[in-house]
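Scroll down for the structure; my scribbles are underneath it.
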Amino acid sequence: MKNCVLCGKLGEKHHIVYKSQGGLDIPLNYIYLCFEHHRGINGPHKNRYVDKEYKLNLQEELIRLLKKDYYDIEELKKILNINPYQAKIVQINLNKYKLGYKKIEVIKRIMGGKIYVKK
Ligand SMILES: [Zn+2]
Ligand SMILES: [Zn+2]
């Protein structure tokens, strides 16, 4: 069990990009929130601005982590902290080019097939 990143109380696992939105079961897509910060009125399930903020933060983190334009799967495993099974899932629907997997497509894949824009 992990603690809420906001208040330190006992946390529940929240998928930043929901599984219904194409979100993946990988550590970067999890955040731990207590019941209130998860399901309460200011939590991502009730407040779409908070929801989008978590998504934009994840997207920015991915942009920070992936500095090159192309990656091979071994590099992605290390950078994204994913196991071989999770790597297989990430690779689904991902084009493989001569130079490897394309940064922007990896980000889009993890974001559930879209790039989020700040408004
Ligand atoms: Zn949740
Ligand atoms: Zn909390």
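For the range 80-101, enumerate the residues that are surrounded by fewer than 18 Cβ atoms within 10 Å (Cβ to Cβ) and closer than 18 Å to residue 60 by Cα. If the condition is that a residue be surrounded by fewer than 18 Cβ atoms within 10 Å (Cβ to Cβ) and closer than 18 Å to residue 60 by Cα, then 81 is the only one that fits.
Looking across the range 34-47, the residues that are surrounded by fewer than 17 Cβ atoms within 10 Å (Cβ to Cβ) and not in a helix (DSSP H, G or I) come down to 40, 41, 42, 45, 46, 47. The sole residue among 31, 41, 73 that is free of Cβ contacts under 8 Å to residues at least 40 places away in the same chain and more than 16 Å from ligand 1 (Cβ to nearest atom) is 73. Of all residue pairs spaced 6 or more apart or on separate chains, those with beta-carbon atoms under 7 Å, a first member in the range 48-65 that is assigned to a helix (DSSP H, G or I) and a second member that is of a type in the set (Ser, Thr, Tyr) are 52/116; 55/116; 56/116; 59/116.
Would the range 49-58 turn up any residue that is of a type outside the set (Ser, Thr, Tyr) and in contact with a Lys or Arg (Cβ under 7 Å, 6 or more places away or on another chain)? Yes: one or more hits. In this structure, is residue 57 closer than 19 Å to residue 112 by Cβ and surrounded by fewer than 17 Cβ atoms within 10 Å (Cβ to Cβ)? Considered against the rule, which asks whether it is closer than 19 Å to residue 112 by Cβ and surrounded by fewer than 17 Cβ atoms within 10 Å (Cβ to Cβ), residue 57 comes out as yes. Within the range 1-33, the residues that satisfy the criterion of being surrounded by 15 or more Cβ atoms within 10 Å (Cβ to Cβ) and either small (Gly, Ala, Ser) or assigned to a loop (DSSP other than H, G, I, E, B) (or both) are 4, 6, 11, 16, 17, 18, 22, 23, 24, 26.
Laboratory data are not the source of any read-out in this text; all were calculated from the coordinates shown. What you see is a predicted model; the values in this text were computed from it and never measured. Backbone-built Cβ (ideal geometry, glycine too); neighbour counts: all protein chains shown.
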